[in-house]
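Shown next, in structure tokens, is the structure this report addresses.
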Amino acid sequence: MEIQGKTILVTGGVSGLGKAVSTLLASMGGNVVMIDINGEKGEALAKVLKNSLFVMTDITDNAQVKKAVDLAMEWRGRIDVLVNCAGVAPGAKLVSKKGPHDLELFKKTIDINLIGPFDVMRLTAEKMTLNSPNEDGERGVIINTASGAAFEGQRGQAAYSASKAALVGMTLPLARDLMDIGIRVCSIAPGLFDTPLVANFSDQLKAQLAQMIPFPRRLGKPPEYAMLVLHIIENSYLNGETIRIDGALRMAP
């Protein structure tokens, strides 16, 4: 699928990996709809990027998600691509000196990282069915952001790993659900990236983390993630797959 003239919905689209995706695809002529809870950053970015629209949205709120999807349809009359980047990464052990893992924290993580993206997927996929197919019969592309923690979760990552592993587990079934419609589904599992999630880390800690990565021995750059998103969109033979982008990192406990 070509980017030019296509409408792309990006959740978590105004910071970190999502911002890199929004920026790259807008620069290539895509019509980018950014949905995020950060209104100030969203409005500012929408003024900078061409062909962009910001809709402040909490993806755990079904009414807000439905409104955002409907606004995207009203804006350009179609949705061709969904990139789910919104997410949180809390840390808590199952049992610690504070007691058992907070149940509400676990539920909140699942709501934001799994149920929210699923809600966006089901509503955008329905809109994609209205698109005219291209020469491959393709009507849309859905890309989810998983994590290396889906495979090698560290201590304190039970909630985060569970949510990301679920996204990986859904990838093939969703691709099969949508194959007759012509919608592809892939996931990306990034490793350690230099995003707002690590913004408060000291330079020393970032350097220590970088030493864990086989090659290149540095944190990933958000534009590198965006480049992979672009390739998945443009390469119509990629479907039902989770792709790791982590410099060969395999996290220790």
Which order, highest average first, do 219-228, 31-40 follow once you tally other Cβ atoms within 10 Å for each residue and take the mean per peptide?
31-40, 219-228
Expected unfolding gain across Ser96-Asp180 under the 0.36 nm per residue rule, minus the alpha-carbon gap, is 25.4 nm
Quick one: dipole size for the chain, taken about the Cα centre, charges +1 on Lys/Arg Cβ and -1 on Asp/Glu Cβ, in debye to the nearest 20.
740 debye
Along its principal axes, what span do the Cα atoms of the chain show, with the longest given first and each in whole Å?
55, 38, 37
Could you check the simple spin-label distance between Leu197 and Ser132, using points 7 Å along Cα→Cβ, in nm with one decimal?
4.0 nm
Note to self, the chain gives a 222 nm [θ] from helices alone (DSSP H runs n ≥ 4, -39500 (n - 2.57) apiece, / all residues, nearest 500) of -12000 deg cm²/dmol
For the range 7-244, with +1 on Lys and Arg beta carbons and -1 on Asp and Glu, the positive-most of Pro133, Ser52, Thr145 along the dipole
Thr145
7 Å from Cα along Cα→Cβ at both Val168 and Glu43: what's the point-to-point distance in nm?
4.0 nm
Suppose R0 equals 35 Å. What FRET efficiency, 1/(1 + (r/R0)^6) with r the Cβ-Cβ distance, do Gln211 and Lys66 give to the nearest 0.05?
0.15
Measuring from a point 7 Å past the Cα of Arg76 along Cα-to-C-beta, which residues in the range 24-65 have an amide N at less than 13 Å?
24-35, 50-54
Relative contact order (%) - criterion: Cα under 8 Å, at least six apart; region: the chain:
20 percent
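Every read-out reported here was derived from the displayed coordinates using simple, explicitly stated rules and does not represent laboratory data. Since the structure is predicted, the reported quantities are computational estimates derived from the model, not experimental observations. Here the Cβ is made from the backbone with ideal geometry for all residues, glycine too, and neighbour counts use every protein chain on show.
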